[in-house]
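Written below as structure tokens is the structure these notes are about.
The values are calculated or read from the model by the stated rules, or taken from the named source; none is laboratory data. Predicted, not measured: the structure shown is a model, and the values here were computed from it. Neighbour counts run over all protein chains shown; Cβ positions are idealised from the backbone, glycine included.
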Amino acid sequence: MKEARFYIASEDGVQCLLCPHHCRIKEGGRGICRSRECHDGKLSALSYGKPCALAIDPVEKKPLNQFMPGTFCLSLSCTGCNLSCRWCQNSSISQASPEETESTILSPAEVVDLCLNKGLPSIAYTYTEPFTWWEYMYDIAVLAHDKGIKNILVSAGYVEADPLRDMLPYIDAANIDIKAMDDSFYRKYCGASLEPVLENILSMKNAGVHLELTNLLVTGLNDSDEQIGRLCRWMVDNCLQEVPLHFSRFFPMYRWKESEPTPKKTLLRAKETALNSGIKNVYLGNI
């Protein structure tokens with residue numbers, strides 16, 4: 001087993017310090033992400049070296065529209081997520097334990113060699129929440145960085161400051177999914193909180209990471225003019241108006257079938273609101 005980082009011992013197990021959940025995990029138990037387990041008084045990264053998804057994608061699919069456009073990336077994922085979004089499009093792997101999915105065995109060096117052999121200029125850590133398999137992503141990213149391969153993070157950004165700080169020197173680009181500019185929305189529908197995400201976005205920008213943001217507009221929940229305007233004002237107030245903003249169309253999935261697919265007029269209205277607010281680059285996705 002690969003020992004995880006960012007935890008401390010507790011009286012009856014360990015406390016994980018990777019993300020704001022700070023899960024207290026008893027011997028034999030797992031954290032919210034399902035991929036970190038207390039074993040013999042240590043925290044183990046269960047999904048290390050066991051990708052459940054590998055694909056070659058256009059970088060625009062991440063979505064990144066202004067980072068190496070027209071190129072392809074090796075997309076890689078392991079099981080695990082520290083959010084529980086009710087409409088997750090990848091729930092079969094994000095809301096699953098490593099043993100519940102098919103996977104292959106690939107060392108970090110083998111992932112980088114695969115990328116080199118395919119002539120791909122970047123690796124994207126994507127589909128689930130890469131920070132829940134932090135150790136695997138980190139080891140790959142360090143080797144890729146040394147070989148001149150770019151590292152792309154696709155994440156909800158729900159991680160503590162120390163793990164993020166250690167990862168940032170090796171991340172070239174990131175797309176961060178802002179669920180809503182409303183902490184109660186995060187807590188009710190995603191099982192997380194908003195403020196750490198916003199702080200981490202600013203940390204990435206300050207570190208020189210190429211940053212793009214995504215906002216999935218769920219019909220009747222976070223698609224109001226007030227919600228969209230709040231996101232745009234936050235970006236402008238924090239000097240992020242040059243950061244590309246992607247409004248993505250919602251489709252009923254997983255445990256949320258109550259809402260209709262996002263009307264295209266809603267997406268067009270969101271784009272107009274963002275442009276009028278001073279956001280320079282606005283894109284529409286899933287249409």
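Overview of results
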quantity: Verdict on Ser44 being assigned to a strand (DSSP E or B), buried (at least 18 other Cβ atoms within 10 Å of the Cβ) and out of contact with any Leu (no Cβ under 7 Å at 6 or more places or on another chain); calculated: yes
quantity: Single match in Glu135, Glu60, Glu129 (criterion: surrounded by fewer than 19 Cβ atoms within 10 Å (Cβ to Cβ) and among the acidic types (Asp, Glu)); calculated: Glu60
quantity: Any helices (runs of 4 or more DSSP H) falling wholly within the stretch 79-147 and containing at least 3 residues that are closer than 15 Å to Ala53 by Cα and under 16 Å from the mean Cα position of the chain (by Cα); calculated: 91-94
quantity: Residue match in the stretch 158-175 (condition: under 22 Å from Arg255 (Cβ atoms) and in the same structural domain as Ser203 (by TED's automatic domain parsing)); calculated: yes
quantity: Asn65 vs. criteria closer than 27 Å to His210 by Cβ, in contact (Cβ under 8 Å) with a residue 24 or more places away in the chain and under 15 Å from the mean Cα position of the chain (by Cα); calculated: no
quantity: Residue count, the stretch 1-20 (criterion: within 19 Å of Ser84 (Cα to Cα) and crowded, with 19+ Cβ neighbours inside 10 Å); calculated: 3
quantity: Flag for Gly28 being surrounded by fewer than 15 Cβ atoms within 10 Å (Cβ to Cβ), small (Gly, Ala, Ser) and assigned by TED's automatic domain parsing to the domain that holds Asp113; calculated: no
quantity: Ile149 being over 17 Å from Ser84 (Cβ atoms) and touching a Gly at 6+ places or on another chain (Cβ under 9 Å); calculated: no
quantity: Some residue of the stretch 36-45 being closer than 27 Å to Ala109 by Cα, aliphatic (A, V, I, L, M) and in contact with a helix residue (DSSP H, G or I) (Cβ under 6 Å, 6 or more places away or on another chain); calculated: yes
